[in-house]
1. What pairs can you find where one residue is in the range A:214-232 and open to solvent by 30 Å² or more (accessible area, probe 1.4 Å), the other is of a type in the set (A, V, I, L, M, F, W, C) and not in a helix (DSSP H, G or I), and their Cβ atoms are less than 6 Å apart, with a gap of 6+ or different chains?
2. Would you confirm whether any residue within the range B:95-103 is within 7 Å of chain A (Cβ to nearest Cβ), under 30 Å from B:GLY229 (Cα atoms) and either open to solvent by less than 30 Å² (accessible area, probe 1.4 Å) or out of contact with any Gly (no Cβ under 7 Å at 6 or more places or on another chain) (or both)?
3. Does A:ALA295 satisfy the criteria of being within 11 Å of chain B (Cβ to nearest Cβ), under 24 Å from B:MET146 (Cα atoms) and either among the hydrophobic types (A, V, I, L, M, F, W, C) or outside any helix (DSSP H, G or I) (or both)?
4. Which ones in the range B:144-160 are more than 10 Å from chain A (Cβ to nearest Cβ) and either farther than 15 Å from B:ILE95 by Cβ or of a type in the set (Val, Ile, Thr) (or both)?
5. Please indicate, with yes or no, whether at least one residue in the range A:258-268 is crowded, with 23+ Cβ neighbours inside 10 Å, closer than 26 Å to A:GLY304 by Cα and touching a residue at least 60 places away in the same chain (Cβ under 8 Å).
6. Being more than 7 Å from chain B (Cβ to nearest Cβ), open to solvent by 30 Å² or more (accessible area, probe 1.4 Å), more than 19 Å from the chain's Cα centre (by Cα) and of a type in the set (Val, Ile, Thr), is that true of even one residue in the range A:269-288?
7. Name the residue that is most open to solvent (accessible area, probe 1.4 Å), counting only residues in the range A:59-80 that are within 18 Å of A:THR283 (Cα to Cα) and of a type in the set (A, V, I, L, M).
8. Does the range B:30-54 hold any residues that are surrounded by 13 or more Cβ atoms within 10 Å (Cβ to Cβ) and farther than 25 Å from A:TYR134 by Cβ, and which are they?
Amino acid sequence: MQAEVNRHAASSLIQTKKPSRLANVARELRKNKHYYLLMSPYMLIFFAFTVIPVVISLALSFFYFNMLEFPRFVGWQNYSRLFLGDDVFMIALKNTFMFAVVTGPVSYIACFLFAWIINELSPKVRAFMTLVFYAPSISGNVFFIWLIVFSGDSYGYLNGFLMKFGFILEPVQWLSNEQYILPIIIIVQLWLSLGTSFLAFIAGLQTIDRSLIEAGAVDGIKNRWQELWFITLPSMRPQLMFGAVMQITGSLAVADISIALAGFPSVNYAGHTIVTHLMDFGTIRFEMGYASAIATVLFCTMIGANKLTQKLLRKVGE
Amino acid sequence: MVMRMLGVFRTPRKINRSFTVSFLLFALLAVFGAFMALPLIYAVNNAFKPLDELFIFPPRFLVINPTLDNFFDLFALMGNSWVPLSRYIANTLFITIVGTAGHILLASAAAYPLAKYRFWGSGTLFSIVILSLMFSGHVTAIPNYMVMSWLGWINTHASIIVPSLAFPLGLFLMKQFMEQIPDALLEAAKIDGANEYRIYWSIVMPNVKPAWLTLMILQFPALWGTDGGNFIYSENLKTLHYALGQISAGGIARAGVGAAVALLLMIVPITLFIISQSSVMQTMATSGMKE
């Protein structure tokens with residue numbers, strides 16, 4: 001296969017004299033038409049519902065559009081209103097970064113740490129512990145269980161427990177007290193966050209070459225921490241990259257949990273995030289242009305955070 | 001000193017491991033394992049609690065007198081509500097099965113050329129897919145709604161199913177896994193006269209069964225847990241998760257039934273994961289991203 005590819009590469013190099021690049025491309029397209037055909041159903045849907053919407057969203061952020069009237073160009077007005085005139089957006093921005101800064105790194109490290117410990121167990125126990133840690137993230141919307149735990153009356157778990165042991169005298173309104181909303185959402189988010197990257201880490205740890213570790217021991221690696229830093233982490237860099245992408249994107253997109261626990265909108269916007277702000281303007285107020293500006297900010301934040309983290313991860317084990 | 005000498009005689013698995021640290025780490029694992037598992041155990045227990053135990057003070061974690069009443073109530077409710085509960089279940093099953101099977105099919109068809117060949121546009125397309133892993137679906141929610149309404153798909157199951165077919169993570173994992181298939185195998189099939197579609201269907205697909213199951217385990221819970229979002233407003237098209245929300249909103253009187261539905265909702269994806277765990281692990285081992 002490789003040889004064939006090279007031959008084609010070589011032949012296309014030789015034929016650079018050919019008049020038109022377009023003709024070359026057309027020939028390439030014809031030759032590989034089966035591949036394009038195979039990819040077409042997926043790519044059609046992918047472009048229609050992911051790629052083109054991003055472009056539309058970028059464009060629409062410069063318009064005033066309410067789904068009824070024809071869009072009206074307003075330039076940077078949506079953005080200036082967002083950053084200079086919208087106090088609630090500032091709260092949303094602050095909350096989102098609070099979530100991301102706490103849940104992003106903590107969940108990422110937790111994914112790795114628990115995967116790393118689980119990897120030392122015997123296969124049967126390993127499978128069981130993997131299930132225990134992974135189950136919350138696939139058990140659908142069972143996070144409503146936490147509603148009962150943090151319920152504001154004395155039937156709530158936490159209240160009942162704290163009252164029984166005399167820490168508090170009367171029930172605390174956990175989910176309507178601004179002071180508690182953010183930490184509670186963070187806890188529940190962390191509970192749900194051992195997902196795909198956790199599995200990727202466990203699987204990655206399984207594939208590490210044992211002989212590397214033995215060779216390392218001969219070369220003077222004395223304890224598990226040195227082994228972790230000099231052997232395990234560098235051999236897992238591809239999985240670490242993948243896990244980072246999953247965790248960062250997830251931690252910046254907190255919304256469902258906030259809505260389920262703290263309501264929408266939450267008390268004094270204590271659980272408001274960029275995504276709930278987007279929902280507010282997109283699905284309730286129908287200010288599509290403004291909502292698109294919010295979506296664009298979210299898009300840039302996510303891509304930026306991912307690129308930055310990838311830069312940092314390249315330094316692991318160096 | 002003795003410990004270090006003993007270390008020499010240990011099996012390779014035990015290189016660089018001190019007992020104390022191992023013990024501490026396993027203790028840490030146990031504590032957090034409990035934190036992860038307790039809410040789920042609680043959900044299971046709740047479904048079997050009689051009504052008086054659901055509202056006991058102080059609240060109890062485990063059920064004392066387990067009963068199936070909640071499930072019987074659920075069946076009773078199924079029969080006499082305006083839209084029978086079986087309808088919600090059928091909707092959820094339809095969305096989940098079509099969405100998951102279609103996703104596996106489309107993603108693998110697209111992953112095969114990307115994994116095995118270099119052609120005009122292949123690199124760019126794959127980088128776009130990677131890029132799309134870096135932002136969540138919320139970013140495209142607004143234009144998606146407009147695209148749906150242009151297509152006339154608002155209030156149809158297609159609005160949930162079709163976008164989910166092109167879930168980028170599935171393509172990414174499938175492509176990474178397919179790269180392991182030896183080229184010689186494909187060459188041999190080509191010499192035997194098989195065309196690309198035949199190679200995809202009879203050589204590649206049977207070889208990536210672990211990846212099918214992985215895509216299933218990632219796609220299934222998302223669709224199983226969908227509440228129809230902003231797209232579905234007809235009662236007879238709504239999903240089980242939406243019905244659960246309605247039942248829970250019924251408050252104290254429906255608390256038992258709500259717990260029973262919750263158990264049904266969580267037990268299905270977890271069971272699927274238990275069945276497919278080893279295949280999922282095989283696929284995830286290839287999930288790494290090149291720099």
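The values are calculated or read from the model by the stated rules, or taken from the named source; none is laboratory data. As the structure is a prediction and not an experimental result, all values here were calculated from the model. Reconstructed Cβ throughout: ideal geometry from the backbone, glycine too, with neighbour counts over all protein chains shown. SASA here: full protein model, heavy atoms, side chains in, ligands and nucleic acids out. Shrake-Rupley method; radii C 1.70, N 1.55, O 1.52, S 1.80 Å.
1. Cβ pairs passing all conditions: A:ALA217/B:ILE15.
2. Residues of the range B:95-103 within 7 Å of chain A (Cβ to nearest Cβ): none.
No, every residue in the range B:95-103 fails to be within 7 Å of chain A (Cβ to nearest Cβ), under 30 Å from B:GLY229 (Cα atoms) and either open to solvent by less than 30 Å² (accessible area, probe 1.4 Å) or out of contact with any Gly (no Cβ under 7 Å at 6 or more places or on another chain) (or both).
3. Working: within 11 Å of chain B (Cβ to nearest Cβ): yes; under 24 Å from B:MET146 (Cα atoms): yes; either among the hydrophobic types (A, V, I, L, M, F, W, C) or outside any helix (DSSP H, G or I) (or both): yes.
When the stated conditions are applied, A:ALA295 passes them.
4. Result: B:TRP150, B:GLY152, B:ILE154, B:THR156, B:ILE160.
5. Yes, some residue in the range A:258-268 is crowded, with 23+ Cβ neighbours inside 10 Å, closer than 26 Å to A:GLY304 by Cα and touching a residue at least 60 places away in the same chain (Cβ under 8 Å).
6. The first filter runs over the range A:269-288 and keeps only residues more than 7 Å from chain B (Cβ to nearest Cβ), leaving A:269-274, A:276-277, A:279-281, A:284-287.
Keeping just the survivors that are open to solvent by 30 Å² or more (accessible area, probe 1.4 Å) gives A:269, A:279, A:284-287.
Filter again for more than 19 Å from the chain's Cα centre (by Cα), leaving A:269, A:284-287.
In the following step, the residues that additionally are of a type in the set (Val, Ile, Thr) were identified as A:284.
Yes, that holds for at least one residue.
7. It comes out as A:LEU68.
8. Within the range B:30-54, B:LYS49, B:PRO50, B:LEU51, B:GLU53, B:LEU54 meet the criteria.
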